[in-house]
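Each remark here refers to the structure printed beneath this line.
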Amino acid sequence: MAALRNAVILCDYGDIVGGAEKVAIASALGLARRGVNVTYLAGCGPAAEAFSDSGVTVRPVFERNPFEWMPKEKALANTVRSKPAEAVVREVLDSMDPRSTVVHAHSFLAVLSSAAVGTALDLGFPTAMTCHDYGLSCPSQVQYDFRRKAICEVPGLGFRCLTRNCTQKTYVSKARLIARGTYLARVARLPRRLRWIVTISDLSERVLQPTFATGAHVTRIPNPIEVVKEPRVPAERGTTLAYVGRLVEEKDPLLFAEAARRAKAPALFIGDGPLADRLRREYPECEVTGWLAPTEVKERLAAARALVLPSRWYENSPLVVFEALGQGLPVVVADTCAAREYVESGVTGSVFPSGDADALANTLAEYADDATVSARSRLAYDGYWSDPPTPERHVGRLLELYEGMLA
């Protein structure tokens with residue numbers, strides 16, 4: 001067995017756009033600190049400032065997001081099969097030995113396309129994928145029917161999937177997603193060819209399991225959470241219940257606003273999205289801040305009594321949950337969200353039935369009691385720091401995975 005020399009990280013964006021990029025960048029930096037020659041192959045730039053003087057080679061396929069400068073139809077076609085990404089993958093891997101090199105894909109359906117991952121497999125490089133979403137099983141990546149406002153249990157690319165418009169737009173939009181998913185499944189054949197799969201929650205692994213290849217090595221590696229241990233936030237002194245994230249239907253911020261009104265609890269929304277104006281109009285008692293800098297988010301959470309995640313969809317493993325628990329902030333989460341796996345209801349937070357405004361209102365009412373909040377805050381803080389998912393531990397698990405891939 002050759003020793004690991006090179007790691008090539010595939011990710012759509014060179015900077016943080018969402019959780020997948022945050023994890024990919026943290027892992028690239030951590031691997032470089034451990035002496036691995038890391039190439040971060042991004043679909044598009046710009047590159048994160050964290051890469052400066054890090055030792056990580058950043059190689060973008062495009063300098064900017066294709067949707068900013070390409071004709072729309074060409075940019076959409078690039079998400080199905082990106083020939084420029086294929087060429088860059090070949091160029092980067094041409095100087096590397098598959099006996100001492102691993103490829104690790106984090107996100108690729110927005111810019112790189114599944115062709116980038118397929119090219120690495122074609123060239124014989126051991127390739128792993130972290131399942132940050134449901135792209136292997138669902139053309140829209142979310143397992144959610146926006147028309148029915150419910151989780152979608154229909155098999156991806158089956159007859160009912162192909163004939164049902166589950167998107168918020170026209171069927172033309174769905175057809176584009178089908179084209180992308182069809183290339184992934186039947187041309188690049190990623191579900192059948194990927195032998196190394198990383199999952200980040202029991203929920204996502206259960207949903208995705210039917211798509212994994214027979215004999216695939218499925219490994220659980222929790223996301224790295226960069227929380228500095230500081231004194232516990234005294235949540236019992238907090239004044240609001242907080243939501244952090246995009247204000248979109250599948251995350252159900254309106255349910256939280258309605259439940260907070262019924263519970264007579266002050267609600268804070270940190271984030272922006274299509275539902276922002278409606279929130280301000282229909283629930284003027286709620287505060288909607290828009291997006292804030294990370295330091296500001298931390299400050300606002302430090303003045304909260306709990307974090308609330310009312311998601312209707314199979315939200316995989318929101319990083320903000322761990323960041324909240326690490327501060328000592330109890331978490332209230334819907335039972336459809338994978339974050340429920342990290343919250344002990346009645347101990348470190350609460351789990352409520354997704355979509356049930358009355359149940360959520362009753363739950364939120366519990367957080368008016370200082371003694372209850374104090375107890376849950378202390379248990380959340382102690383529980384998190386008894387076994388924290390640090391970047392160092394994450395990188396250690398990755399190195400174990402890569403050793404197995406090269407064996």
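The values are calculated or read from the model by the stated rules, or taken from the named source; none is laboratory data. Bear in mind the structure is a predicted one, so any value in this text is a computation, not a measurement. We place every Cβ from the backbone using ideal geometry, glycine too, and count neighbours over all the protein chains shown.
Results, tabulated for the structure shown:
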item	result
Whichever residue in region 60-80 is part of a loop (DSSP other than H, G, I, E, B) and in contact with a helix residue (DSSP H, G or I) (Cβ under 9 Å, 6 or more places away or on another chain) and, among such residues, is nearest to Ala47 (Cα to Cα)	Asn65
Residue within region 252-261 that is in contact with a Lys or Arg (Cβ under 8 Å, 6 or more places away or on another chain) and not in a helix (DSSP H, G or I) present	yes
Unique match (being buried (at least 21 other Cβ atoms within 10 Å of the Cβ), assigned by TED's automatic domain parsing to the domain that holds Ala359 and over 29 Å from Ser140 (Cα atoms)) among Leu247, Leu275, Leu279, Leu268	Leu268
Conditions (1) farther than 23 Å from Pro231 by Cα; (2) part of a helix (DSSP H, G or I): number failed by Gly326	(1)
Sole residue being charged (D, E, K, R) and either assigned by TED's automatic domain parsing to the domain that holds Gly355 or closer than 30 Å to Asp252 by Cα (or both), chosen from Arg147, Arg81, Arg99	Arg147
Residue match in region 263-275 (condition: assigned to a helix (DSSP H, G or I), over 19 Å from the mean Cα position of the chain (by Cα) and farther than 17 Å from Ala365 by Cα)	no
Hits in region 371-382 - residues which are crowded, with 16+ Cβ neighbours inside 10 Å and either aliphatic (A, V, I, L, M) or outside the structural domain of Val347 (by TED's automatic domain parsing) (or both)	Val373, Ala375, Leu379, Ala380
Which listed residue, of Val347, Val351, is outside any helix (DSSP H, G or I) and touching a strand residue (DSSP E or B) at 6+ places or on another chain (Cβ under 6 Å)	Val351
Unmet requirement for Leu247, which otherwise passes all of (1) assigned to a loop (DSSP other than H, G, I, E, B); (2) more than 19 Å from the chain's Cα centre (by Cα); (3) at pLDDT 95 or above	(2)
Residue satisfying all of: in region 299-320; modelled with pLDDT under 95 and in a helix (DSSP H, G or I); farthest from Val23 (Cα to Cα) among these	Val320
Residue within region 165-188 that is surrounded by fewer than 18 Cβ atoms within 10 Å (Cβ to Cβ), among the basic types (Lys, Arg) and in contact with a helix residue (DSSP H, G or I) (Cβ under 8 Å, 6 or more places away or on another chain) present	no
Scope region 92-110; condition surrounded by 23 or more Cβ atoms within 10 Å (Cβ to Cβ), polar (S, T, N, Q) and farther than 25 Å from Thr167 by Cα; matching residues	Thr101
Inter-residue pairs, beta-carbon under 8 Å, first charged (D, E, K, R) and modelled with pLDDT of 95 or more and in region 276-292, second in a helix (DSSP H, G or I) and surrounded by 13 or more Cβ atoms within 10 Å (Cβ to Cβ), 6+ apart	Arg278/Leu254; Glu282/Leu254; Glu282/Ala257; Glu285/Arg261
Residue that is surrounded by 17 or more Cβ atoms within 10 Å (Cβ to Cβ), at pLDDT 95 or above and farther than 29 Å from Ser27 by Cα, where the choices are Leu398, Leu364	Leu364
Test: residue in region 208-229 that is touching a Cys at 6+ places or on another chain (Cβ under 9 Å) and either over 23 Å from Lys22 (Cα atoms) or part of a loop (DSSP other than H, G, I, E, B) (or both)	no
Residue within region 232-243 that is within 25 Å of the chain's Cα centre (by Cα), under 25 Å from His132 (Cα atoms), surrounded by 19 or more Cβ atoms within 10 Å (Cβ to Cβ) and at pLDDT 95 or above present	yes
Leading residue by the ranking (surrounded by the fewest Cβ atoms within 10 Å (Cβ to Cβ)) among those in region 123-137 that are more than 18 Å from Val218 (Cβ to Cβ) and not small (Gly, Ala, Ser)	Leu123
Set Asp53, Asp15: member being within 20 Å of Val117 (Cα to Cα) and without any contact (Cβ under 8 Å) to a residue 40 or more places away in the chain	Asp15
Filter result for Pro353 (surrounded by fewer than 16 Cβ atoms within 10 Å (Cβ to Cβ) and out of contact with any Leu (no Cβ under 6 Å at 6 or more places or on another chain))	yes
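Here is a yes/no grid of residues against (1) on the phi < 0 side of the Ramachandran plot; (2) surrounded by 23 or more Cβ atoms within 10 Å (Cβ to Cβ); (3) among the aromatic types (Phe, Trp, Tyr); (4) modelled with pLDDT of 95 or more:
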{"position": "Phe51", "(1), (2), (3), (4)": "yes, no, yes, yes"}
{"position": "Arg64", "(1), (2), (3), (4)": "yes, no, no, yes"}
{"position": "Asn78", "(1), (2), (3), (4)": "yes, yes, no, yes"}
{"position": "Ala85", "(1), (2), (3), (4)": "yes, yes, no, yes"}
{"position": "Leu112", "(1), (2), (3), (4)": "yes, yes, no, yes"}
{"position": "Leu121", "(1), (2), (3), (4)": "yes, no, no, yes"}
